[in-house]
Every structure is written in C-alpha cells, then in structure tokens.
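Undergrad: Have a look at this one before I ask anything.
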Amino acid sequence: MSTIGEVSKTKRLIELENQHGAHNYHPLPVVLHRGEGVYLWDVDGKKYYDFLSAYSAVNQGHCHPKITKALVHQAEQLALTSRAFYNSALGEYEHYITSYFGYDKVLPMNTGAEAVETAIKLCRKWAYEVKGIAENQAKIIVCEGNFHGRTTTIVSFSSDEGSAKNFGPHTPGFISIPYNNLDALRNALNQPDVAGFLVEPIQGEAGVLTPEEDYIRKAHALCLSKGVLFIVDEIQTGIARTGSLLAVCGNCTCENKCERQVSYIKPDILILGKALSGGIYPVSAVLADNEVMMVIKPGQHGSTYGGNPIAAKVATTALEVVYEEKLIQNARKLGEMFREELNRIISQSDLLTLVRGKGLLNAVVVNDSPESSTAWDICLALKNNGLLAKPTHGNIIRFAPPLIITTEQLAECIAIIKKTIIEFKK
C-alpha cells in the first residue's frame, strides 16, 4: 500500500521531468524504478508485467544476469578507446555477429537511427561506385507508414506529419510507395537511378502492420531482378521477436540459425538494434557482404562509441542468450497462444476489433477513432491492473512482452487484459 509520501514522490519525479526535460515524449503516468525478467516495479513498489519491452529492446528480459555480468566485467576492464585504436573485444564480436547472421562484414553503431543513416550512406556510395549511377542522383524507395528513426534525413521520408512537419527543408532522394503493394514497388523500380529499397518486414510503429505472406520474398526478388539493394530494417522485428531469428526468415521453424535455411531471405543490407543490446546498453549494427560494405574507406564514416568494448561484449552475450534460452521457439509458440486468446476476448466485446502480429509482436485495434482517448484510457486501466502497454497511432495498442515470458505468466497477462476490457467503460 502506497503512503502519502510515496505518492508525492511519484508526482515529484514526474514534475521534475516535465519541468526540466524536453516535452518530446508523452509517457504513461508511472515512474519505474526496478526491473527483473518480465517484471517492472514503480517507485511505490507496485509490480507490473512489461508488455512493451522498451519497444522490443528487452527481448531477453530486464537486467538479464548473464548480459549484466558481461557489461560490468567489461566496464571494469576497458570501456572506450574510440576507433583510433584496435580493442581486444571488437574483432571477436565482429566475427561472432557476421557468422551468426551470415555476412562478410559488420559496421557497428549505437542507436537504430544511426544504423539506418549508415545503411542509407552505404547504399548511396555503392550506387555511385559500383552500380554506376551519376553522383547525387541515387534514389531509395521507402514505404508509407514507415518508422526508421527521427534524424533529419529519416523524417524527410516519413509520412507521419508529427515526425516531419516543420523540420524541413527535407532531404531529397527518396521515393515513397504504399506498404505491402508489389505493383507500386514494381513501378518505382522502373524509375531511373534507383539504388535501394528500404523496408520493415513488419511495420511496428504503424500498429504492427503485417504484410501478405509472400510480400517480402517477392519484393526481394523484384529488387534482385533490377540490381537494386534490398535493405531491411529489423531493428524492432529482429532477434527472435517475431518467432524467427529475423522476420525475413518467414515461417522458418528451424532449431539452428535461420539463415542456413532455404526459406531465409538474405537482405543486401541488414539493420539491427534494440534487442542486440539485451536492453542493457545502446548497440546497433549494419551487416552486408564485401561488395557493398567495402565501398566505405577509412575516414568516410564512423562513430566514437561505435564498436566500443562494452557494446561488443554486451551484444555477443545478448545473441548467445537468444539461442541458449530458445527465445525464437518461445516467441513463436506463445505468440500463437496470445492471438488465439485475444481473439476469444474480441468475440466477447465490441471494444476491440482485431488482433494482428507475429510471434510476440502483436497489436489490437480499438473500436474507436484514432483521435479518441479510448486506447490511452485502456492502457491506464491496464496499468492499474498491473500490466504496462502503450498506444500507437491513436487507437492501436501494441503488446510485446519480453521473450522469456512463460506460458503461465502469459496466461496471467491475458487474464489481466480480459478483465480490463470487460470492465472498461468509455
């Protein structure tokens, strides 16, 4: 039971952020203090199930002991050298991650947006130096509804008004087409000077929009036929979240590394982030084979923190945990259970219209307009009942728990969601 002092502490901490921090986020009114596994605790000591997982950065669970230990051990030994020198952790990490995903080279960065910017620069440089497009003429195809980050270049091709408006002048060189539309992609590929197609296999921020089953495979084939780089942003969908190592693995059910299977679609450029860090430390990566990656020469791109020893050890350990704890298989099995049970709830209530997703990346659509507060109010009710989730695009609620969640824990969460929906009053 919270005391008056504890309640005032919550309000005080929220007020401190409101008073001294930029208002570029609109968080739920909960102040989190501790995390372990699938659980979070606020400053009042109340326990919650985490059903956002820091936008899929915490696939391995909060404060995973093995990943935390790797961070602490390396931080006590050597944290940062910059890339002016070699360090003892980076080479081993680069060998591990390139073998893990089946690429020749990796370019390590820190955040997802940095990795996307890196992929754009890499694609453009390849276009001029390998494909032979005239300098400054390269175009990259992108999809409407995308979310690749918030840098100036990235928001230049965002269809979200809040991300792009009044941040111009916008960067040219992008062709925007409807998502999940092969005819639109085919037409765009016929334009001159196209260098790449940048796509999310599932559009997470747009509300977990899952394309037709063969969309990614056919899009890859179209790009291949036109000599255009197929660039896949798996920052949110990758690292087991959708029930495969990568979402481009499709319905692969392998027990080994998915890239060794026939069903694997290998992007020309693969962008990773979020769960690559295990939710412990900012780590992102861009992977490509030599023909693409080797157009970057010394001094042409870099990052002071990219490839630092802590990041290298943390990312290696985070990837080890995925296989050691069978997170791919767990996400696939429990994702099916979640959607089945949510469909039962939907059949008993007119508050929700559908559930969609893959693995443990799912969303429900609320039966109200995107301008309404209904989805937000449902998330407040879920919070009061011990589960944390967040709306996106007004009337959509994303559900993405850590992939270590058990069948029993998921059943408890489904019960919380059911109770909240049944008792909810607009």
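Undergrad: Failed condition for His95, given (1) farther than 14 Å from Ile310 by Cβ; (2) surrounded by 16 or more Cβ atoms within 10 Å (Cβ to Cβ); (3) not hydroxyl-bearing (Ser, Thr, Tyr); (4) not assigned by TED's automatic domain parsing to the domain that holds Tyr25, with all others met?
TA: Here His95 clears every test but (2).
Undergrad: Taking into account only those residues within segment 1-41 that are of a type in the set (Ser, Thr, Tyr) and either in contact with a Lys or Arg (Cβ under 8 Å, 6 or more places away or on another chain) or closer than 30 Å to Thr406 by Cα (or both), which is modelled with the highest pLDDT? Don't jump to the end; show me each part of the working.
TA: Narrowing segment 1-41 to residues of a type in the set (Ser, Thr, Tyr): 2-3, 8, 10, 25, 39.
Now restrict to residues that are either in contact with a Lys or Arg (Cβ under 8 Å, 6 or more places away or on another chain) or closer than 30 Å to Thr406 by Cα (or both): 2, 39.
Working: Ser2: 47, Tyr39: 98.
Out of the qualifying residues, it is Tyr39.
Undergrad: Can you work out which of the residues in segment 398-421 that are within 21 Å of Ala240 (Cβ to Cβ) and among the hydroxyl-bearing types (Ser, Thr, Tyr) is nearest to the chain's Cα centre (by Cα)?
TA: Checked segment 398-421; the qualifying residue nearest to the chain's Cα centre (by Cα) is Thr406.
Undergrad: Residues being crowded, with 22+ Cβ neighbours inside 10 Å and not hydrophobic (A, V, I, L, M, F, W, C): count how many of those fall in segment 190-206.
TA: Adding up the residues that qualify gives 5.
Undergrad: Report yes if Ala221 is over 30 Å from Ile404 (Cβ atoms) and either under 21 Å from the mean Cα position of the chain (by Cα) or outside the structural domain of Asn362 (by TED's automatic domain parsing) (or both), otherwise no. Steps first, please.
TA: Values: over 30 Å from Ile404 (Cβ atoms): yes; either under 21 Å from the mean Cα position of the chain (by Cα) or outside the structural domain of Asn362 (by TED's automatic domain parsing) (or both): yes.
Judged against the criteria, Ala221 is a match.
Undergrad: On the basis of being free of Cβ contacts under 8 Å to residues at least 24 places away in the same chain and assigned to a strand (DSSP E or B), does His33 make the cut?
TA: Details: free of Cβ contacts under 8 Å to residues at least 24 places away in the same chain: yes; assigned to a strand (DSSP E or B): yes.
Yes.
Undergrad: Go through (1) assigned to a helix (DSSP H, G or I); (2) crowded, with 23+ Cβ neighbours inside 10 Å and name the single condition Glu291 misses.
TA: (2)
Condition check ((1) within 21 Å of Ala119 (Cβ to Cβ); (2) of a type in the set (A, V, I, L, M, F, W, C); (3) free of Cβ contacts under 8 Å to residues at least 12 places away in the same chain; (4) in the same structural domain as Thr406 (by TED's automatic domain parsing)) across all residues:
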| site | (1), (2), (3), (4) |
| --- | --- |
| Gly273 | yes, no, no, no |
| Asp289 | yes, no, no, no |
| Pro298 | yes, no, yes, no |
| Ala318 | yes, yes, no, no |
| Gly357 | no, no, no, yes |
| Val364 | no, yes, no, yes |
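Undergrad: Also, quick follow-up: When segment 170-211 is examined, which residues are found to be over 14 Å from Ile231 (Cα atoms) and in contact (Cβ under 8 Å) with a residue 60 or more places away in the chain?
TA: Within segment 170-211, Asp193, Gln203, Gly204, Glu205, Ala206, Gly207, Val208, Leu209, Thr210 meet the criteria.
Undergrad: Taking the condition modelled with pLDDT under 95, in a loop (DSSP other than H, G, I, E, B) and touching a strand residue (DSSP E or B) at 6+ places or on another chain (Cβ under 9 Å), does Ile265 pass? Break it down into steps so the answer makes sense when it comes.
TA: Values: modelled with pLDDT under 95: yes; in a loop (DSSP other than H, G, I, E, B): yes; touching a strand residue (DSSP E or B) at 6+ places or on another chain (Cβ under 9 Å): yes.
For Ile265, the condition - modelled with pLDDT under 95, in a loop (DSSP other than H, G, I, E, B) and touching a strand residue (DSSP E or B) at 6+ places or on another chain (Cβ under 9 Å) - is met.
Undergrad: Among the candidates Asp50, Asp44, which residue alone is among the acidic types (Asp, Glu), at pLDDT below 95 and within 30 Å of Thr406 (Cβ to Cβ)?
TA: On the way: Asp50 fails: at pLDDT below 95.
Answer to the check: Asp44.
Undergrad: Related question: Taking into account only those residues within segment 40-72 that are closer than 28 Å to Ile202 by Cβ and in contact with an Asp or Glu (Cβ under 6 Å, 6 or more places away or on another chain), which is surrounded by the most Cβ atoms within 10 Å (Cβ to Cβ)?
TA: Out of the qualifying residues, it is His62.
Undergrad: How many residues are acidic (Asp, Glu) and farther than 21 Å from Ala188 by Cα if we restrict to segment 141-159? Write out each step before concluding.
TA: Start the filter on segment 141-159 by keeping residues that are acidic (Asp, Glu), which leaves 144.
Of the ones still in play, those that are also farther than 21 Å from Ala188 by Cα are none.
Total satisfying the criteria: 0.
Undergrad: Would you point out which residue out of Ile345, Ile328 is in contact (Cβ under 8 Å) with a residue 40 or more places away in the chain and in contact with a Ser or Thr (Cβ under 7 Å, 6 or more places away or on another chain)? Quick ask: steps written out before the conclusion?
TA: Values: Ile345 fails: in contact with a Ser or Thr (Cβ under 7 Å, 6 or more places away or on another chain).
Only one candidate passes the filter, namely Ile328.
Undergrad: With Ala75, Ala184, Ala134, Ala115 as the choices, which residue is out of contact with any Asp or Glu (no Cβ under 6 Å at 6 or more places or on another chain) and surrounded by 20 or more Cβ atoms within 10 Å (Cβ to Cβ)?
TA: Details: Ala75 fails: surrounded by 20 or more Cβ atoms within 10 Å (Cβ to Cβ); Ala184 fails: surrounded by 20 or more Cβ atoms within 10 Å (Cβ to Cβ); Ala134 fails: surrounded by 20 or more Cβ atoms within 10 Å (Cβ to Cβ).
Answer to the check: Ala115.
Undergrad: Another question about this same structure. Does any residue in segment 145-157 that is within 17 Å of Asn180 (Cα to Cα) come within less than 7 Å, Cβ to Cβ, of a residue that is part of a loop (DSSP other than H, G, I, E, B) six or more places away or on a different chain, and which pairs are these?
TA: Gly145/Ser159; Gly145/Tyr179; Gly145/Ala206; Asn146/Ser158; Asn146/Glu200; Phe147/Gly204; Phe147/Glu205; Phe147/Ala206
Undergrad: Without any contact (Cβ under 8 Å) to a residue 12 or more places away in the chain and closer than 27 Å to Ala312 by Cα: which single residue out of Val58, Val72 fits that description? It would help to see each step written out before you state the result.
TA: Values: Val58 fails: without any contact (Cβ under 8 Å) to a residue 12 or more places away in the chain.
That would be Val72, the only listed residue that is without any contact (Cβ under 8 Å) to a residue 12 or more places away in the chain and closer than 27 Å to Ala312 by Cα.
Undergrad: Looking at segment 163-173, is at least one residue closer than 25 Å to Val365 by Cβ and either modelled with pLDDT under 95 or surrounded by fewer than 17 Cβ atoms within 10 Å (Cβ to Cβ) (or both)? Steps first, please.
TA: Restricting attention to segment 163-173, the residues satisfying the condition of being closer than 25 Å to Val365 by Cβ are 163-164.
Now drop any that are not either modelled with pLDDT under 95 or surrounded by fewer than 17 Cβ atoms within 10 Å (Cβ to Cβ) (or both), which leaves 163-164.
Yes.
The values are calculated or read from the model by the stated rules, or taken from the named source; none is laboratory data. Predicted, not measured: the structure shown is a model, and the values here were computed from it. Cβ coordinates were reconstructed from backbone atoms using ideal geometry, including for glycine residues, and neighbour counts include every protein chain displayed.
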